[in-house]
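Q: Got a structure here, written out as structure tokens. Questions coming.
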Amino acid sequence: MGLSIAEDAGGVVHLLGTVPVYAGRHLHVVDYPVHSHSFVEVVVVVNGSAVHECGTSSARIHQGDVIFLKPGIAHGYGSCRDLEVYNFGISTTLLHHSLSWMVSDTRVARALFSNADPGSEQMLFSGRLPNCVLTSFIERMAALVQLCRDDSEKRAEFMSGLLLLLDDLVRQVVKNQEASSAATHPAVIEGIRLFEESLQESWTLDALARKLHITPSHLARLFRAQLGLPPLAYLARRRVETAARLLIDTDNSIARIGREVGWPDANYFARRFRVHSGLSPTAYRQRFGRPREA
């Protein structure tokens with residue numbers, strides 16, 4: 001099927017193959033160094049423990065912990081004690097275009113689209129699976145990993161199984177966390193669509209609210225309640241995520257990338273990117289960018 005990942009010399013993990021998704025199981029008996037990746041990653045810990053290092057923060061993770069990571073964020077595992085995890089990857093292009101309908105569910109949107117831990121600048125969302133359901137998830141994840149490795153043409157079965165797993169996984173993890181409704185408000189869905197179409201536009205809260213025919217204060221409350229972030233903070237996350245992918249995958253100048261994501265001032269772009277990723281755009285590209293041929 002050709003569904004796999006690879007890590008290049010820069011320490012960034014990429015999806016390979018014609019289908020931009022991935023499922024795998026990994027056992028870390030030694031520390032796994034800090035790295036970045038070019039896709040949304042979901043990590044489910046099924047055994048052992050480790051210290052998860054993410055940006056400037058770290059926390060010990062154990063069986064049942066689930067972590068949702070945005071592209072471009074650097075993370076790794078230290079003090080590993082037979083850490084066994086299932087990893088799932090999905091490209092941002094697929095998520096924000098062909099699968100954009102998933103944003104209609106508040107819980108899914110909060111985990112996969114905003115990835116916002118309240119009060120945190122990191123592009124991370126985390127939670128925990130109850131022990132009573134972990135076993136059933138392990139069985140389903142193992143089946144997906146086998147499909148991912150299968151050379152036969154079972155892409156439809158793999159994709160449907162992955163989407164169902166992600167949906168159930170998010171619901172289990174997020175159901176006890178604050179969420180205003182199971183359905184995302186139409187204004188939030190439309191606002192996300194407008195952002196995706198025009199990241200480079202100089203958006204303001206007032207301008208977005210006018211397009212959505214809603215008051216700025218009401219729009220801000222809706223975004224915060226359903227995604228955990230106000231509109232312009234969500235936009236900043238998407239800009240950093242897109243910039244990180246472009247820094248990894250293209251030779252475009254940093255100035256050009258800043259313009260493409262809506263931050264034409266190079267100094268401002270560098271400051272905002274550093275807040276979310278912990279590195280300046282230049283340092284990020286030097287550390288994680290793909291090696292280029294001379």
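The values are calculated or read from the model by the stated rules, or taken from the named source; none is laboratory data. What you see is a predicted model; the values in this text were computed from it and never measured. Accessible surface is based on the protein model in full, side chains and every heavy atom, while ligands, DNA and RNA are left aside. Shrake-Rupley method; radii C 1.70, N 1.55, O 1.52, S 1.80 Å.
Q: Whenever you get a sec, line up Lys211, Lys154 from highest to lowest accessible area (probe 1.4 Å, protein heavy atoms).
A: The residues order as Lys211, Lys154, largest area first.
Q: Using a 1.4 Å probe and counting only protein heavy atoms, arrange Glu153, Glu241 so the residue with the most accessible area comes first. If you can, show how the numbers build up before the last one.
A: Numbers: Glu153 140, Glu241 5 Å².
My answer, sorted largest first, is Glu153, Glu241.
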